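To keep things clear, I will list the structure first and then write my remarks on it.
The values are calculated or read from the model by the stated rules, or taken from the named source; none is laboratory data. No experiment lies behind these values; they were computed from the predicted model shown. Cβ: placed from backbone, ideal geometry, glycine included. Neighbour counts: every protein chain shown. Only protein heavy atoms, including side chains, enter the accessible area calculation; ligands, DNA and RNA are left aside. Shrake-Rupley method; radii C 1.70, N 1.55, O 1.52, S 1.80 Å.
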Amino acid sequence: GFQTEVGSVSLPELESMKRFLSLEALDSYPNCGETSEYGSSVHEEWTYFKYIPFTEEDTGLDHICQFAFPPYNHNSTNIHRMATIDDYTWAAQFAQYLQYKSLFEGYAYRIWEWYSAVFLWKVSSPSPTFRGALYDMYLATTGGYWGARAALAVEGDHIRLVLNLHDWTIHVINSAPIVVTAVTW
């Protein structure tokens, strides 16, 4: 099978955001636990550029604010924010790295059984946006780029161990078109 149009949320690097957002909008970055693309703590400029929250609606897990200290607790009644926009964008880049790495490792795990290819929608954008991309319109790479690169072993071993973050099992990924018959630890 050929899986079309996969991807994840994205956030450009801070230097790129400074090129298309006002200072007021930069200072009004979203609160932790934000689940809405519109209103609430999302500034109207973020909405205009198609911001998508990093928070899972069903679990309340905020993939950016989980890196705050102390970590954001979605059961808390107080509004919490990352300390600065620098911290927010750093955590977003790290969250993107983990999400895209997991996404591509998942496809790579079944590459010779279920999938023949995967098409990432979209790799970049022709305009400033917060929608999923591996690099932005200014050609600055996002954490997603580095995560995809790590998962696809661009410069590494084609046979490697990966951790399934869903069920915490370890798997061997063989992205080389040869059968591995002997593995030693």
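Scanning region 161-170 for residues that are free of Cβ contacts under 8 Å to residues at least 60 places away in the same chain and either open to solvent by 80 Å² or more (accessible area, probe 1.4 Å) or within 20 Å of Ala91 (Cα to Cα) (or both) yields a count of 4. Of the set (1) under 14 Å from the mean Cα position of the chain (by Cα); (2) open to solvent by 60 Å² or more (accessible area, probe 1.4 Å); (3) closer than 14 Å to Phe104 by Cα, all apply to His158 but (1).
Could you tell me whether Thr89 is surrounded by 17 or more Cβ atoms within 10 Å (Cβ to Cβ), β-branched (Val, Ile, Thr) and closer than 28 Å to Ala150 by Cβ? The answer is yes for Thr89. Which members of region 54-75 meet the condition of being among the charged types (D, E, K, R) and open to solvent by less than 80 Å² (accessible area, probe 1.4 Å)? Across region 54-75, the qualifying residues are Glu56, Asp62. Screening the candidates Ala151, Ala140, Ala176 for the property of being over 20 Å from Ile64 (Cα atoms) and touching a residue at least 24 places away in the same chain (Cβ under 8 Å) yields one hit, Ala151.
Each row is one residue, and each column tells you yes or no for (1) at pLDDT below 80; (2) part of a loop (DSSP other than H, G, I, E, B); (3) over 22 Å from Leu163 (Cα atoms).
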position: Tyr38; (1), (2), (3): no, yes, yes
position: Trp46; (1), (2), (3): no, no, yes
position: Arg81; (1), (2), (3): no, yes, yes
position: Gln96; (1), (2), (3): no, no, no
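This table checks each residue for (1) in contact with a Lys or Arg (Cβ under 9 Å, 6 or more places away or on another chain); (2) of a type outside the set (S, T, N, Q); (3) closer than 30 Å to Ile178 by Cα.
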site	(1), (2), (3)
Val42	no, yes, no
Ile64	no, yes, no
His80	no, yes, no
Ala92	no, yes, no
Gln99	no, no, yes
Glu113	no, yes, yes
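Keeping to region 14-43, report how many residues are free of Cβ contacts under 8 Å to residues at least 12 places away in the same chain and open to solvent by less than 20 Å² (accessible area, probe 1.4 Å). Residues in region 14-43 being free of Cβ contacts under 8 Å to residues at least 12 places away in the same chain and open to solvent by less than 20 Å² (accessible area, probe 1.4 Å): 0 in total. If you take the residues in region 99-136 that are free of Cβ contacts under 8 Å to residues at least 60 places away in the same chain and surrounded by fewer than 19 Cβ atoms within 10 Å (Cβ to Cβ), which one is farthest from Thr55 (Cα to Cα)? Going through the qualifying residues, I end up with Glu113. Taking (1) touching a strand residue (DSSP E or B) at 6+ places or on another chain (Cβ under 7 Å); (2) hydroxyl-bearing (Ser, Thr, Tyr); (3) assigned to a loop (DSSP other than H, G, I, E, B) in turn, Tyr145 satisfies each apart from (3).
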